[in-house]
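Accompanying notes for the structure given below.
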Amino acid sequence: MTLRTSLVILAIISLLTVGGGGFFLAAHLTSTARNVANNHTDMTTQMIQKKVSFSLADKQLSANVLAGLPQFSDYFEQQDRASIAPINGLLHELCINLKASLCYLMDSDGTTVASSNAGRTNSLVGKNYAFRPYFKQAMTGKPAVYLALGVTTKKRGFYFSSPITGKATPVMGVIVVKYSVEKLEQELSNLAGIYTLIDPKGIVFASNRKSWLFRSLSELSSEDAQTIVKSRQFGEEKPTSVGLIETSDGLLVAPDGATYLFGHRDLSIPAGWRIS
């Protein structure tokens, strides 16, 4: 059995498959083959963890740099605020340069006052996102990263926020940069096996198995499911389960009988998220 060695972003490596060509049982795997598979999984997920962590840290740094631009603090410090048009234009240019999906500016109440997509049908301007954790944390003076489905755009993304500070007020507003997950999943689409990014409760946020999106790998408690729905992080539907069950020898079995070797690494940010 040959396992792919190309670098991937997220990995659940399928060891056993059921198909017209044959049926490979876990009992028939030699200890050598199993060790090779375990080592491959461990090495791959470690490499992925480092790459993803570096990418997230780099994007957070970009948001922090934007928060320090004088145009934003000057806007909030004006008693009689000038036209917002120059700020919208600046955000549009920054969004293009950063290859981001959106860049937007929120006031201390959580209302978007300017956005890179101002004037479009799905513009964020005037929308309030005070309930989002990335806004709440930034208002305490700390940068944040948050993964969620957009309430307005209905598109998944990585949200990076950073506080905008001034002389009179510790935090006057928040700058947010959103990056799409589409490029990530395009890279995964040609890979064998199942690749996922999961939250602390096992909810699949990105994967090359589209039917698994926003579902939990294993069964969720009723309380956890209600908390997830209330947060609106993954939409408004109650998440269903993929139904993976761990066997005594550490493999995962899906309802269709497919069996997987499971490997994972924790990301440093966001806390509790895993590459699996």
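The values are calculated or read from the model by the stated rules, or taken from the named source; none is laboratory data. All values derive from a computational prediction rather than experimental measurement. Heads up, the Cβs are rebuilt from the backbone with ideal geometry, glycines too, and the neighbour counts pull from every protein chain shown. For accessibility, only protein heavy atoms count, side chains too; no ligands or nucleic acids. Shrake-Rupley method; radii C 1.70, N 1.55, O 1.52, S 1.80 Å.
Key figures
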item	result
The listed residue being at pLDDT 95 or above, out of contact with any strand residue (DSSP E or B) (no Cβ under 6 Å at 6 or more places or on another chain) and among the aliphatic types (A, V, I, L, M), out of Leu105, Leu90	Leu90
Yes/no for Ser207 being in contact (Cβ under 8 Å) with a residue 60 or more places away in the chain and within 29 Å of Arg265 (Cβ to Cβ)	yes
Check on Lys167, within 30 Å of Val113 (Cβ to Cβ) and surrounded by fewer than 12 Cβ atoms within 10 Å (Cβ to Cβ)	yes
The stretch 56-102: number of residues that are aliphatic (A, V, I, L, M) and open to solvent by less than 40 Å² (accessible area, probe 1.4 Å)	10
Output for the stretch 182-206, where each listed residue is within 19 Å of Ser101 (Cβ to Cβ) and either in contact with a helix residue (DSSP H, G or I) (Cβ under 9 Å, 6 or more places away or on another chain) or surrounded by 19 or more Cβ atoms within 10 Å (Cβ to Cβ) (or both)	Leu184, Glu185, Leu188, Leu197, Phe205, Ala206
Residue in the stretch 201-216 that is among the polar types (S, T, N, Q), touching an Asp or Glu at 6+ places or on another chain (Cβ under 8 Å) and assigned to a loop (DSSP other than H, G, I, E, B) present	yes
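One line per residue, one yes/no per condition, for (1) touching a residue at least 60 places away in the same chain (Cβ under 8 Å); (2) aromatic (Phe, Trp, Tyr):
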| position | (1), (2) |
| --- | --- |
| Phe135 | no, yes |
| Val145 | yes, no |
| Thr152 | no, no |
| Ser161 | yes, no |
| Ile164 | yes, no |
| Gly173 | yes, no |
| Ser180 | yes, no |
| Glu185 | no, no |
| Ser189 | no, no |
